[in-house]
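Working notes, beginning with the structure itself.
The values are calculated or read from the model by the stated rules, or taken from the named source; none is laboratory data. Everything quoted here is computed from the prediction, not taken from an experiment. Cβ: placed from backbone, ideal geometry, glycine included. Neighbour counts: every protein chain shown.
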Amino acid sequence: MTGADGRTRTRAERGHRRWLATTVGRVEVSRIAYRAPAAANLHVADAVLSLPVQLYSRPLQRAVVHEVASGSLRAAAHGIERTTGHKIGTRQLMEVCVRAAADIDAFYTAAAHGAIDAGP
(Lines give C-alpha, C1' and ligand atoms only; values in the text may rest on other atoms or scores of the structure.)
Protein backbone atom coordinates (compact mmCIF):
# COMPACT_ATOMS: atom_id res chain seq x y z
CA MET A 1 0.00 0.00 0.00
CA THR A 2 1.49 3.34 -1.04
CA GLY A 3 0.48 6.52 0.75
CA ALA A 4 0.12 10.06 -0.50
CA ASP A 5 3.66 10.63 0.79
CA GLY A 6 4.96 8.14 -1.80
CA ARG A 7 6.12 5.68 0.88
CA THR A 8 5.15 2.03 0.51
CA ARG A 9 3.79 0.21 3.54
CA THR A 10 4.53 -3.52 3.33
CA ARG A 11 2.94 -4.67 6.59
CA ALA A 12 -0.77 -4.89 7.37
CA GLU A 13 -1.85 -5.16 11.00
CA ARG A 14 -5.44 -5.88 11.98
CA GLY A 15 -7.12 -4.63 15.11
CA HIS A 16 -6.02 -1.01 15.23
CA ARG A 17 -8.77 0.82 17.08
CA ARG A 18 -9.90 4.38 17.61
CA TRP A 19 -12.87 6.07 19.22
CA LEU A 20 -15.39 8.13 17.31
CA ALA A 21 -17.93 10.37 19.02
CA THR A 22 -21.22 10.27 17.10
CA THR A 23 -24.65 11.78 17.60
CA VAL A 24 -25.77 8.49 19.18
CA GLY A 25 -22.76 7.95 21.46
CA ARG A 26 -19.16 6.87 21.26
CA VAL A 27 -18.23 3.93 19.09
CA GLU A 28 -14.98 2.05 18.71
CA VAL A 29 -13.82 1.61 15.14
CA SER A 30 -11.47 -1.27 14.29
CA ARG A 31 -9.43 -1.17 11.12
CA ILE A 32 -6.28 -2.43 9.41
CA ALA A 33 -3.13 -0.30 9.69
CA TYR A 34 -0.69 -0.44 6.81
CA ARG A 35 2.79 0.13 8.22
CA ALA A 36 6.42 0.76 7.33
CA PRO A 37 9.40 1.84 9.44
CA ALA A 38 9.63 5.62 9.95
CA ALA A 39 6.33 6.22 8.14
CA ALA A 40 2.92 7.16 9.51
CA ASN A 41 0.36 4.37 9.52
CA LEU A 42 -2.20 4.31 6.73
CA HIS A 43 -5.79 3.50 7.64
CA VAL A 44 -7.54 3.04 4.30
CA ALA A 45 -10.86 2.29 6.00
CA ASP A 46 -10.88 5.81 7.45
CA ALA A 47 -11.04 7.26 3.93
CA VAL A 48 -13.49 4.65 2.67
CA LEU A 49 -15.81 5.31 5.61
CA SER A 50 -15.17 9.08 5.40
CA LEU A 51 -14.05 9.17 9.04
CA PRO A 52 -12.72 12.51 10.24
CA VAL A 53 -9.21 12.74 11.67
CA GLN A 54 -10.53 14.17 14.92
CA LEU A 55 -12.76 12.48 17.50
CA TYR A 56 -16.08 13.99 16.41
CA SER A 57 -18.10 12.49 13.54
CA ARG A 58 -19.26 14.80 10.76
CA PRO A 59 -22.93 14.73 11.88
CA LEU A 60 -21.83 15.64 15.42
CA GLN A 61 -19.63 18.43 14.05
CA ARG A 62 -22.60 19.72 12.05
CA ALA A 63 -24.73 19.72 15.20
CA VAL A 64 -22.01 21.64 17.06
CA VAL A 65 -21.78 24.29 14.33
CA HIS A 66 -25.57 24.76 14.30
CA GLU A 67 -25.73 25.03 18.09
CA VAL A 68 -22.84 27.51 18.26
CA ALA A 69 -24.27 29.61 15.42
CA SER A 70 -27.57 29.98 17.25
CA GLY A 71 -26.24 31.19 20.59
CA SER A 72 -23.43 31.20 23.11
CA LEU A 73 -20.81 28.50 23.54
CA ARG A 74 -22.28 27.62 26.93
CA ALA A 75 -25.76 27.23 25.42
CA ALA A 76 -24.28 25.16 22.59
CA ALA A 77 -22.53 22.85 25.06
CA HIS A 78 -25.81 22.35 26.93
CA GLY A 79 -27.72 21.77 23.70
CA ILE A 80 -25.24 19.16 22.47
CA GLU A 81 -25.26 17.40 25.83
CA ARG A 82 -29.07 17.45 25.94
CA THR A 83 -29.49 16.01 22.43
CA THR A 84 -26.51 13.62 22.20
CA GLY A 85 -25.29 13.00 25.73
CA HIS A 86 -21.80 14.30 24.88
CA LYS A 87 -20.11 16.78 27.18
CA ILE A 88 -17.98 18.90 24.89
CA GLY A 89 -15.78 21.63 26.32
CA THR A 90 -15.70 25.22 25.13
CA ARG A 91 -12.27 24.84 23.53
CA GLN A 92 -13.39 21.75 21.61
CA LEU A 93 -16.55 23.54 20.43
CA MET A 94 -14.40 26.40 19.17
CA GLU A 95 -11.98 24.02 17.42
CA VAL A 96 -14.83 22.27 15.58
CA CYS A 97 -16.22 25.63 14.42
CA VAL A 98 -12.83 26.95 13.29
CA ARG A 99 -12.21 23.79 11.23
CA ALA A 100 -15.72 24.04 9.75
CA ALA A 101 -15.15 27.67 8.76
CA ALA A 102 -11.69 27.05 7.28
CA ASP A 103 -13.01 26.44 3.78
CA ILE A 104 -15.92 28.88 3.78
CA ASP A 105 -14.30 31.15 1.16
CA ALA A 106 -13.70 28.22 -1.20
CA PHE A 107 -17.30 27.05 -0.65
CA TYR A 108 -18.83 30.37 -1.63
CA THR A 109 -16.41 30.84 -4.54
CA ALA A 110 -17.45 27.42 -5.90
CA ALA A 111 -21.13 28.29 -5.30
CA ALA A 112 -20.74 31.58 -7.18
CA HIS A 113 -19.39 29.67 -10.16
CA GLY A 114 -22.26 27.17 -10.06
CA ALA A 115 -20.08 24.26 -8.94
CA ILE A 116 -22.27 23.62 -5.88
CA ASP A 117 -25.71 24.57 -4.64
CA ALA A 118 -25.31 26.97 -1.69
CA GLY A 119 -29.01 26.77 -0.86
CA PRO A 120 -31.58 29.58 -0.61
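Let me confirm something: among Ala39, Ala111, Ala101, Ala75, which residue is in the same structural domain as Glu28 (by TED's automatic domain parsing) and out of contact with any Gly (no Cβ under 6 Å at 6 or more places or on another chain)?
Numbers: Ala111 fails: in the same structural domain as Glu28 (by TED's automatic domain parsing); Ala101 fails: in the same structural domain as Glu28 (by TED's automatic domain parsing); Ala75 fails: in the same structural domain as Glu28 (by TED's automatic domain parsing).
When all the criteria are applied, what remains is Ala39.
Quick check on my filter: what residues within segment 24-53 are free of Cβ contacts under 8 Å to residues at least 40 places away in the same chain, part of a loop (DSSP other than H, G, I, E, B) and among the hydrophobic types (A, V, I, L, M, F, W, C)?
The answer is Ala36, Ala38, Ala39, Ala40, Leu49, Leu51, Val53.
In segment 74-91, how many are buried (at least 20 other Cβ atoms within 10 Å of the Cβ) and assigned to a helix (DSSP H, G or I)?
3
Of the residues His66, His86, which is modelled with pLDDT of 90 or more and in contact with a helix residue (DSSP H, G or I) (Cβ under 9 Å, 6 or more places away or on another chain)? It would help to see each step written out before you state the result.
Working: His86 fails: modelled with pLDDT of 90 or more.
Being modelled with pLDDT of 90 or more and in contact with a helix residue (DSSP H, G or I) (Cβ under 9 Å, 6 or more places away or on another chain) holds for just one of His66, His86, which is His66.
So, in segment 1-23, how many residues would count as being among the hydrophobic types (A, V, I, L, M, F, W, C) and modelled with pLDDT of 90 or more? Spell out the reasoning first.
So in segment 1-23, the residues among the hydrophobic types (A, V, I, L, M, F, W, C) come out as 1, 4, 12, 19-21.
Still in the list and also modelled with pLDDT of 90 or more: 12, 19-21.
Of the residues in segment 1-23, 4 are among the hydrophobic types (A, V, I, L, M, F, W, C) and modelled with pLDDT of 90 or more.
Between Ala4, Ala21, which is assigned to a strand (DSSP E or B), small (Gly, Ala, Ser) and either loosely packed, with under 12 Cβ neighbours inside 10 Å or in contact (Cβ under 8 Å) with a residue 40 or more places away in the chain (or both)? Let's see the steps before the verdict.
Working: Ala4 fails: assigned to a strand (DSSP E or B).
Step by step, each of Ala4, Ala21 is checked, and only Ala21 is assigned to a strand (DSSP E or B), small (Gly, Ala, Ser) and either loosely packed, with under 12 Cβ neighbours inside 10 Å or in contact (Cβ under 8 Å) with a residue 40 or more places away in the chain (or both).
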